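Nothing in this text is a laboratory measurement; each read-out follows from the coordinates by a stated rule. Worth saying up front: this structure is predicted, and the values here are computed from it rather than measured. We place every Cβ from the backbone using ideal geometry, glycine too, and count neighbours over all the protein chains shown.
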Amino acid sequence: MSPLATAVNDWFRSTGRDLPWRRPGFTAWGTLVSEFMLQQTSVNRVIPHLEAWLERWPAPADLAAVPPGEAVRAWATLGYPRRALWLHQAAVQITERHDGTVPADIADLIALSGIGDYTSRAVAVFAYGERHPVVDTNTRRVIARAVHGRADAAPPAKRDLSDMDALLPADDVEARVFNAGMMELGALVCVARTPRCDSCPVADLCAWRAAGYPEYDGPRTPVQKKFAGSDRQVRGLIMRELRAAHGAVTDAEIATLWTDEAQLARAIAGLLADGLAVSTASGYVLP
DNA sequence: AAGCCGTGGTA
DNA sequence: TTACCAAGGCT
């Protein structure tokens, strides 16, 4: 094993957090659900929803048996509610195509709704112990700094996967720990804004530190548009209303949520197109 | 393939 | 307060 992998794995085994999806016996379905929820939502916000979700729907077939709107409602305020829709779709696909068992093959996983490069590998590795590189935003940042000597990662690219693959220990178990450890390191120590280099287990090996912490000069990932006043905010307000409603939500009720009518119309049209809302004679409802 | 998609925490 | 950031994926 490389010195980097040795240091990361030692550190992770001694100080890694005790998270639900790291408990022995945690199911592959649980891993899949947790990864969906963790897409752009932080660990602390995910945990309570994850546990409630798995208690209610302990297997893919349980979720597949209820209407998608139930998933969207249970998703609550986790954000990006399309993920709830896709998770429900994935549950249906797993039930139909894989007899209710979460597949272990990356190609099978990536063919499911809402599962891409990251999530497919995370499930194959963390749920099934297969040996693959897993690359997320944390991993990319750690590699950018420790290996490439840059202050930050460039926008995601295919190169990231081969970078991680080159560092991956040959042994399946060590590779799995390394994947988790790199993410943990990026989440707790080698963080985006103010990295805690003083307490970093790989400080001695870090190329960025060795180079004297040069500033980032490469291409930046574009900044997100402002949320306040955006269409996304309007969609969020409407979704909140749909989740809370017992019956249908009328146009009159929707009109009270936002003053800009054009924006309201765009939001509704978008939600209908996305399948997050359905139009009925009496108003809008969850699917 | 650049832009879009929620929500809350943090400095 | 504003702006950044968060275990991405889809079109």
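When the dipole is taken about the Cα centre of chain A, and only Lys, Arg (+1) and Asp, Glu (-1) are charged at their Cβ, what size is it in debye, to the nearest 20?
Numbers: 30 positive and 33 negative charges, 137 e Å.
My answer is approximately 660 debye.
Residue by residue through segment A:77-85, what is 3J(HN,Hα) from phi via Karplus (6.51 cos²θ - 1.76 cosθ + 1.60, θ = phi - 60°)? Round to whole Hz and write x for glycine and proline.
Calculated HN-Hα couplings, in order: 9, 5, x, 6, x, 4, 4, 5, 4 Hz.
Run the paramagnetic zone check for A:Ala104: 7 angstrom along Cα to Cβ, then residues of segment A:21-45 with backbone nitrogen under 14 Å.
Under 14 Å, as judged by backbone N against the label point of A:Ala104, lie A:28-29 of segment A:21-45.
Run the simple label-point estimate for A:Ser113 and A:Thr280 please: 7 Å along Cα→C-beta, distance reported in nm.
About 2.0 nm separates the two model spin labels.
Quick one: A:Tyr80, A:Tyr213, fewest Cβ neighbours within 10 Å first, how do they rank? Spell out each step's value before the answer.
Numbers: A:Tyr80 17, A:Tyr213 13.
The most exposed by this proxy come first: A:Tyr213, A:Tyr80.
Provide A:Asp160, A:Asp198 in ascending order of the number of other Cβ atoms located within 10 Å of each residue's Cβ, fewest first.
Numbers: A:Asp160 20, A:Asp198 7.
So the residues, fewest neighbours to most, are A:Asp198, A:Asp160.
How big is the convex hull of the Cα atoms of chain A, per residue, in Å³? Write down the numbers at each step before the final one.
On the way: hull volume 41.5 nm³, N = 287.
For chain A, the hull spanned by Cα atoms encloses 145 Å³ per residue.
What is the calculated FRET efficiency for A:Asp251 to A:Lys225, with r their C-beta to C-beta distance and R₀ = 30 Å, to the nearest 0.05? Before the final figure, lay out each step's value.
Values: r = 27 Å, r/R0 = 0.90.
About 0.65, to the nearest 0.05.
For segment A:147-287, calculate the relative contact order in percent as a whole number, restricting contacts to Cα pairs under 8 Å that are 6 or more residues apart. Let's see the in-between values first.
Working: 109 pairs, mean separation 31.8, N = 141.
Relative contact order here is 23 percent.
Ignoring trypsin sites (Lys or Arg not before Pro) that are buried or in helix or strand per DSSP, and keeping those with at most 12 other beta carbon atoms within 10 Å, what is the longest stretch of chain A between them?
By the stated rule (loop sites, at most 12 other Cβ atoms within 10 Å), A:18-157.
Please turn the phi angles of segment A:222-229 into ³J(HN,Hα) values with the Karplus equation 6.51 cos²θ - 1.76 cosθ + 1.60 (θ = phi - 60°), one per residue in order, whole Hz, x for glycine and proline.
x, 6, 5, 5, 4, 7, 4, x
With only alpha-carbon atoms counted, please give the Rg and Dmax of segment A:156-278, in Å.
23.1, 63
Go ahead and collect, in residue order, the members of segment A:46-65 whose backbone nitrogen is under 11 Å from a label point 7 Å along the Cα-Cβ direction of A:Ala76.
Output list for this probe position: A:46-53.
Calculate one ³J(HN,Hα) per residue across segment A:163-176 by plugging θ = phi - 60° into the Karplus curve 6.51 cos²θ - 1.76 cosθ + 1.60, and present them in order as whole Hz with x for glycine and proline.
Using θ = phi - 60°, the values come out as 4, 5, 4, 5, 8, 5, x, 6, 6, 4, 5, 5, 5, 5 Hz.
Could you work out how much longer the chain between A:Ala166 and A:Ser42 gets when fully extended? Use 0.36 nm per residue separation minus the Cα distance between them, nm to one decimal.
On the way: separation 124, 0.36 × 124 = 44.64 nm, distance 2.82 nm.
Full extension from A:Ala166 to A:Ser42 adds 41.8 nm.
What is the fewest-to-most order of A:Glu96, A:Glu55 by other Cβ atoms lying within 10 Å of their Cβ?
On the way: A:Glu96 12, A:Glu55 8.
The most exposed by this proxy come first: A:Glu55, A:Glu96.
If I take every Cα pair under 8 Å that is 6 or more residues apart in chain A, average their sequence separation and divide by the length, what percent do I get for the relative contact order? Could you put the intermediate results ahead of the total?
Details: 354 pairs, mean separation 52.7, N = 287.
Computed over chain A, the figure is 18 percent.
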